[in-house]
Ligand code: SF4
C-alpha cells in the first residue's frame with residue numbers, strides 16, 4: 001500500500017488515539033534480560049502471556065544463562081516448559097538458540113537483526129520484540145496476529161504476509177513510534193479489536209476505522 005500523505009495522516013490520527021487510550025502499554029511478558037525476553041517470546045507462541053509468566057518464574061531461576069540452556073538435558077527442558085504447549089519444538093528452539101549464542105556471540109544475545117534471525121527458529125517478529133523491548137532498538141514493528149488483523153481492519157495495509165504488513169506499517173509510522181505502537185496495537189487487539197467479535201461500539205478508533213473485513 002503506498003504511503004501517501006492521506007495514508008500518513010490516517011496513520012497519525014490512529015497513533016494519537018492509541019496513545020491517549022493506552023498511554024502505558026508495554027510488554028506483558030516478564031523478563032529481566034534480553035535472554036529472558038528471547039526465551040519468553042519463544043514460549044509465547046500459541047500460549048497466553050500469563051501462562052508463560054507462570055512458567056518462566058521458575059524456569060529463569062533454573063536456567064540463568066545461555067550456557068544453562070545449552071547444556072540442559074533436552075527431555076527435562078521439555079518437561080519444564082510443557083504447559084506452554086508445542087514444548088518439543090520450543091525446547092529445541094531455545095536450546096539451539098542458546099548453543100549458537102554461546103558459540104558465536106560469547107553468551108550474549110546479539111543486538112543485530114541479521115544475527116538474531118540467523119538463530120534457529122527466530123524470525124523477524126521475535127527479533128523485533130527482543131531488539132525493541134529489551135535493547136530499545138527500533139528495528140521494525142512486531143507483527144503478530146493482533147497487529148496483522150487490526151492493521152488490515154484499519155486500512156493500514158492490504159497485505160497478509162507479516163513481513164509485507166511490517167513494511168507497510170514502517171512506511172506509515174516514524175521509527176521512534178514502532179516499539180510502543182506495537183505494544184498498543186497488541187493491547188487493543190486483546191481488549192477491543194478481538195478476532196471474533198470486535199467491540200466497535202466501545203472502540204476509540206471507531207470514527208476513523210473503515211472496518212475492512214469486519
Ligand atoms: S472500529 Fe472495530 S474494527 Fe475498527 S479498530 Fe475498532 S474494534 Fe477494530
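Brief remarks follow.
- Over all projection directions, the Cα-based convex hull of the stretch 42-140 averages an area of 5.9 nm².
- Relative contact order of the chain, pairs being alpha-carbon contacts under 8 Å that are 6 or more residues apart, as %: 23
- Point-to-point label distance, residue 164-residue 9, nm (Cα→Cβ direction, 7 Å offset): 2.8
- Cα long-axis angle, helix 34-43 against the chain (0 to 90 degrees, to the nearest 10): 80
- Top of 94, 192, 150 by mean-square fluctuation, Gaussian network on the chain, Cα under 10 Å: 192
- Of the peptides 129-139, 70-80, the order by per-residue mean of other Cβ atoms within 10 Å, starting with the highest, comes out as 129-139, 70-80.
- Angle in degrees between helix 178-191 and the longest Cα principal axis of the chain, rounded to the nearest 10: 80
- Contour minus Cα-Cα distance for residue 176 and residue 24 (0.36 nm per residue): 53.2 nm
- Three-way shape call for the stretch 68-125 based on the alpha-carbon gyration tensor, with the a/c threshold at 1.5: oblate
- In terms of its alpha-carbon gyration tensor, the stretch 159-200 comes out oblate; a/c meets the 1.5 threshold, while b/c is at least as large as a/b.
- Using alpha-carbon coordinates, inclination of helix 5-21 to the longest axis of the chain, degrees: 60
- In plain terms, the chain from residue 135 to residue 190 could stretch by 17.3 nm, reckoned as 0.36 nm per residue minus the Cα-Cα distance.
The numbers here are math on the coordinates, done by the rules we state, and not lab data. Remember, it's a predicted structure, so these values are computed and weren't measured experimentally. Neighbour counts are summed over all protein chains in view; Cβ atoms, including those assigned to glycine, are modelled from backbone coordinates with ideal geometry.
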